[in-house]
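To start, the structure itself, in structure tokens.
The values are calculated or read from the model by the stated rules, or taken from the named source; none is laboratory data. Since the structure is predicted, the reported quantities are computational estimates derived from the model, not experimental observations. Here the Cβ positions follow ideal geometry from the backbone for every residue, glycine too, while neighbour counts run over all protein chains shown. These accessible areas exclude ligands, DNA and RNA; they are computed on the full protein's heavy atoms, side chains included. Shrake-Rupley method; radii C 1.70, N 1.55, O 1.52, S 1.80 Å.
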Amino acid sequence: MDGNKRWVSGDLQHPDRDPNRRQLVAQEQEPFGSILSCIDSRVPPELLFDTGLGDLYVMRTGGEAVGPVVTGSVEYGPMTSGTPLIVVLGHQRCGAVKAAYESFRDGKPLPGNLDAIAKALRPAYDQAVKEGGADPVETMSRAQVTLTAADLRSNQDLAPLVAKGSLAVVGAYYSLDTGAVEVLSGAP
Ligand SMILES: [Zn+2]
């Protein structure tokens, strides 16, 4: 979050991005967080948290959609080397969420494999419909974050780590307009 403050203000440190750092982590890595974010070109976690080499595991899928392979990748750090933090990072004006929302609303499946993304976002759609509100795509984007973070927090492999206090699973939301990350759930 300190890094995100620097991203917002433009006072960037670009830490851990030189040959020394490369050598330091060449044999072994110890990232402090695992981030699951969207593929959106405007939401690269390493930039908006002002981090460098070896700092983060990063998973990116359309609308932070998960399935077994993605969930396994998110779990990798916490389960194998004690990575203490998972962040599910949604964002403003998410095209994947918007496409999934319209697909369900209009009863028109998305083409090809894109429909697998929509299907993974179905619980967030249902939640958004239940909540209502002026901007249903925004509501669905936030629901996708909090539902996905809650699922990870309570799954059989991660729940014991959360209960022990050695892992936090945080839901967060990125503003394209301001560059700021807002914590939605799970702050330690
Ligand atoms: Zn997106």
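Counted over the stretch 71-188, the DSSP beta bridges are approximately 35% antiparallel. Annotation: amide H-H contacts under 5 Å for LEU36 (H modelled 1.01 Å from N, sequence separation of 5 or more, or interchain): MET59, VAL87, VAL88, LEU89. The residues of the chain present an accessible area of 52 Å² per residue when probed at 1.4 Å with all protein chains retained. Starting from the Cα gyration tensor of the stretch 1-99, take the square roots of the eigenvalues, sort them a ≥ b ≥ c, and report rounded, prolate or oblate (rounded when a/c is under 1.5, otherwise prolate if a/b is larger than b/c, else oblate). Since a/c reaches 1.5 but b/c is at least a/b, the shape of the stretch 1-99 is classed as oblate.
Estimated translational diffusion coefficient (Stokes-Einstein, Kirkwood radius over Cα pairs, 10 °C, 1.306 mPa s) of the chain: 93 µm² per second. Among the protein heavy atoms of the stretch 64-171, carbon and sulfur supply 58% of the accessible surface, probe 1.4 Å, non-protein parts ignored. What number, rounded to the nearest 500 deg cm²/dmol, is the helix-based mean residue ellipticity at 222 nm of the chain, given -39500 (n - 2.57) per DSSP H run of at least four residues and division by all its residues? So the helix-based figure for the chain works out to -13000 deg cm²/dmol. Each Lys and Arg contributes +1 and each Asp and Glu -1, all at the Cβ; summed about the Cα centre of the stretch 77-188, the dipole is approximately 180 debye. Build a GNM of the chain with springs between Cα atoms under 10 Å apart, and of ALA163, ALA118, ALA143 the one that fluctuates most is ALA163. Taking a Cβ cut-off of under 12 Å around GLU131, the surrounding Lys, Arg, Asp and Glu residues balance to a net charge of -1, with basic ones at +1 and acidic ones at -1. Total lysine pairs in the chain at Cα distances under 27 Å, for residues eight or more apart or on different chains: 6.
Calculated FRET efficiency, LYS164 to ARG93, Cβ-Cβ distance, R0 = 45 Å: about 0.75 to the nearest 0.05. Projecting the Cα atoms of ALA180, HIS91, ALA26 onto the charge dipole of the chain, computed from C-beta unit charges around the Cα centre, puts HIS91 farthest toward the positive end. Taking PRO19, PRO109, PRO160 in turn, the Gaussian network model of the chain (Cα-Cα springs below 10 Å) assigns the largest fluctuation to PRO19. By its C-alpha gyration tensor, with a ≥ b ≥ c as the square roots of the eigenvalues, how is the stretch 97-167 shaped: rounded for a/c under 1.5, else prolate for a/b larger than b/c, else oblate? Oblate shape, in that a/c is at least 1.5 and b/c is the bigger or equal ratio. Positive contributions from Lys and Arg (+1) and negative ones from Asp and Glu (-1), summed over other residues with Cβ under 12 Å from the Cβ of ASP157, come out at -1.
Only the Cβ atoms of Lys and Arg (+1) and of Asp and Glu (-1) were treated as charged; on that basis the dipole of the chain about its Cα centre amounts to roughly 260 debye.
The value of relative contact order for the stretch 54-155, using C-alpha pairs under 8 Å at least six residues apart, is 31 percent.
Per-residue SASA remark: ARG105, around 130 Å² accessible (1.4 Å probe; ligands, DNA and RNA not included). Within the shell of other residues whose beta carbon sits under 12 angstrom from the beta carbon of ASP55, the net charge comes to -2, with Lys and Arg scored +1 and Asp and Glu -1. Considering only alpha-carbon pairs that sit under 8 angstrom and 6 or more positions apart, the relative contact order computed for the chain is 23 percent.
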